[in-house]
Amino acid sequence: MLPTTLNPSTPPPTDATYSRSTFSLMAALDNHSPSLEILVRKPEELSLWTGPPFQNGQPNVKLDKVNCLNAKFSDNGSLLMVVKSNSVISIYDCKNAKEIRSFEVPNHVASALSPCGTYLQTFQKPSGPQDKNVTLWKTETGDIVYQHSQKNLTKTNWPSIQFSSDEATACRVATNEVQFFDAGDFSKGFINRLRVPGVVSAELSSSPASHVAAFVPESKGVPASVQLFACENASQGQPVARRSFFRCSTTQLKWNHGSTGLLILVQSDVDKTNQSYYGESKLYYLTTDGVHEGLVPLRKEGPIHDAQWSYSGLEFAVVYGFMPAKATLFDKKCNPLLELGTGPYNTIRWNPKGKFLCLAGFGNLPGEMVFWDYIEKKQLGATKAEWSVTSEWSPDGCYFMTATTAPRLQVDNGIKIFHYNGSLYFKKMFDKLYQADWKPESPSKFGDITELIKSLDSVKLEDKKPSGQGSKPTQASAKAPSANPTAQKPAAYRPPHAKTAAVIQAQLLGESSTESLSKNALRNKKKREKQKEKKAAADASS
């Protein structure tokens, strides 16, 4: 694969002529578009790759062997947070891969960057009940701008302070209320509060930050509920939409882009119908205009495996039901748009440029992946990525990366990158791999996905030269695989006592089993037949 940029002063190669399609792809990728980058974290160190496309089939290394225990990009991809030890956190500028700030945080437990990288939020192990162990730092100056105390750390309450995607709004959940801040000046403290008795978690709509969803669990016979509030009228405490439900242990709240709809995945630890060992799950849909406040109409019984909004926020997809699971696309009015069939699936990944999606089965499933063009309503391809732990589309929408990582899996760690249609583009194995992430970029920074795909397809066709045009070594290497016989799958193991099972079954059923008998069995069988003949002759003569 060719590099993404060319030096105009460098003469073109003479050993191979670049096709027009190759230049068109490079022009499409280099037309004020940022290069793709991949964060790769191995034991105690990380690297930052540039690409794809990769030059000579291998990635270029932008940042290599940085001491690291954990790492995370800001949502806009401008900064990289690197946890170097239990007390040192470094911030890197992603443009030049240079360290710009370092923070000393004793007893560090968790940390997170705000979406635009303006703030760093840290959680420290508390030394006392009133210890202000959550700190908000300004990454540019290293100053502390806000602190508060928090007893425990869970997935639902971290990050403690939530930001909208543009960092115009910030909020946090306190006892029986949601507090709102001026994200530009935290010295004011909270400037508004929303009273919600019993609230344990909330989800702020990110783009725009117009609404907030609050979850109140079951208590003393009162059902659990999710309520939607308008942030502008938060002090009035009147929800614009509400849904109550029994048998609720946890919830996942998922806003769409545009902040008009919320998917609520409700899960209970116990399934009273005894159909599932993993409990019961239901999917609800609430809209901020109050038009829809009920269940998503699913056409198969069973658990909800995954539910994801598209990047446009105009449709969502759900994988649901007992295996083989069913996958359905819905519009934002909760009407079915497209059935994606059934299969061993539990994961949906929408392409950030819109047009494509990947339907896959990871975890304890065999790793089958199906790629769809949901606008044209056709399947593009299918492949497998066994033992994958993470999976995501590239920001430009042309590639799909899966990774097998520790500690989930301790063997066969590695990275696979596929084209948009499922064909394998790159594969690299590691002795131990802990993390593989794309650097976030806004999809709008890249060209139209249709033009990029056309150029990419043309390059792949040009790479496949007709027979007779390549050099002799190339032709010889092309013929070599055909000389090898097709590999056969190894036979399944059969225990010793099972070797005679077919013989015994044939004897019981009175069937012929001469072909499956061993030499000793045939010899014994002939002896028995001769003895029967002798006995029959003796009986006849008497």
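The values are calculated or read from the model by the stated rules, or taken from the named source; none is laboratory data. All of these numbers come straight from a predicted model, not from anything done at the bench. Ideal geometry is used to build each Cβ from the backbone, glycine not excepted, and the neighbour counts take in all protein chains shown. In case anyone asks, the SASA skips ligands and DNA or RNA and just uses the protein heavy atoms, side chains included. Shrake-Rupley method; radii C 1.70, N 1.55, O 1.52, S 1.80 Å.
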Problem - Surface per residue (accessible, 1.4 Å probe) for the range 301-443, Å² - result: 38 Å²
Problem - Accessible surface of the range 164-295, 1.4 Å probe, proportion on carbon and sulfur as whole % - result: 47 percent
Handout entry: Chain lengthening between residue 392 and residue 526 when straightened (0.36 nm per residue, less Cα-Cα)
Key = 41.6 nm
Fill in the blank from the handout: For the residue 88, residue 270 Cβ pair and Förster radius 45 Å, calculated FRET efficiency rounded to 0.05 is 0.55
Practice task
Give me the aspartates and glutamates in straight-line cross-link reach of residue 353: C-alpha distance below 15 Å, same-chain residues under 8 apart excluded.
Solution key: 315, 373, 376, 392, 396, 441, 448, 451
Practice task
Just grab the label-to-label distance for residue 97 and residue 242, each label 7 Å out from Cα along the Cβ direction, in nm (one decimal).
Solution key: 5.5 nm
Problem - Additional length obtainable on full extension of the chain from residue 64 to residue 379, 0.36 nm per residue less Cα span - result: 109.5 nm
Exercise for the section: At most 12 other Cβ atoms within 10 Å and a DSSP loop assignment: could you name the chymotrypsin sites (Phe, Trp or Tyr not before Pro) in the range 195-268 that fit? Expected result: 246
Problem - Local electrostatic count, residue 366, Cβ distance below 11 Å [Lys/Arg +1, Asp/Glu -1] - result: -1
Handout entry: FRET efficiency, 1/(1 + (r/R0)^6) with R0 22 Å, evaluated for residue 278 and residue 156 via beta carbons
Key = 0.70
Exercise for the section: Give me the distance in nm between label points sitting 7 Å out from Cα along the Cα-to-Cβ direction at residue 311 and residue 193, one decimal. Expected result: 4.1 nm
Exercise for the section: For the range 278-294, take each phi angle, set θ = phi - 60°, evaluate the Karplus expression 6.51 cos²θ - 1.76 cosθ + 1.60, and give the result in whole Hz per residue in order, putting x for glycine and proline. Expected result: 8, x, 10, 9, 9, 10, 10, 9, 10, 10, 6, 8, x, 6, 10, 9, x
Exercise for the section: Excluding residue 230 itself, calculate the net charge of residues whose Cβ lies under 14 Å from the Cβ of residue 230, where each Lys or Arg counts +1 and each Asp or Glu counts -1. Expected result: -1
Fill in the blank from the handout: Given backbone amide H placed at 1.01 Å from N, residues whose amide H is under 5 Å from that of residue 241, ignoring those fewer than 5 places away on the same chain, are 228
Completion exercise
Going residue by residue through the range 213-224, the Karplus relation 6.51 cos²θ - 1.76 cosθ + 1.60 with θ = phi - 60° gives ³J(HN,Hα) values, rounded to whole Hz and with x marking Gly or Pro, of 9, 10, 10, 10, x, 4, 7, 6, x, 8, x, 5
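Assigning unit charges at the beta carbon (Lys, Arg +1; Asp, Glu -1) and nothing else, what dipole magnitude in debye, to the nearest 20, does the range 215-351 show about its Cα centre?
With only Lys, Arg, Asp and Glu charged at Cβ, the dipole is about 120 debye.
Given the peptides 96-109, 431-444, 52-65, arrange them by the average over their residues of other C-beta atoms within 10 Å, most packed first.
My ranking of the peptides, most packed first, is 431-444, 52-65, 96-109.
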Exercise for the section: Kindly report the accessible area of the range 164-295 per residue (heavy atoms of protein chains, probe 1.4 Å, no ligands, DNA or RNA), in Å². Expected result: 48 Å²
Practice task
Take the cross-link list 62/432; 132/432; 355/427; 84/151; 326/355; 125/282 and give me the ones stretching past 28 Å between alpha-carbons.
Solution key: 132/432; 125/282
Problem - Alpha-carbon spread of the range 78-137, three principal axes, descending order, Å - result: 42, 22, 13
Exercise for the section: Lys and Arg at +1, Asp and Glu at -1: add these up for the other residues within a Cβ distance under 11 Å of residue 431 and post the number. Expected result: +1
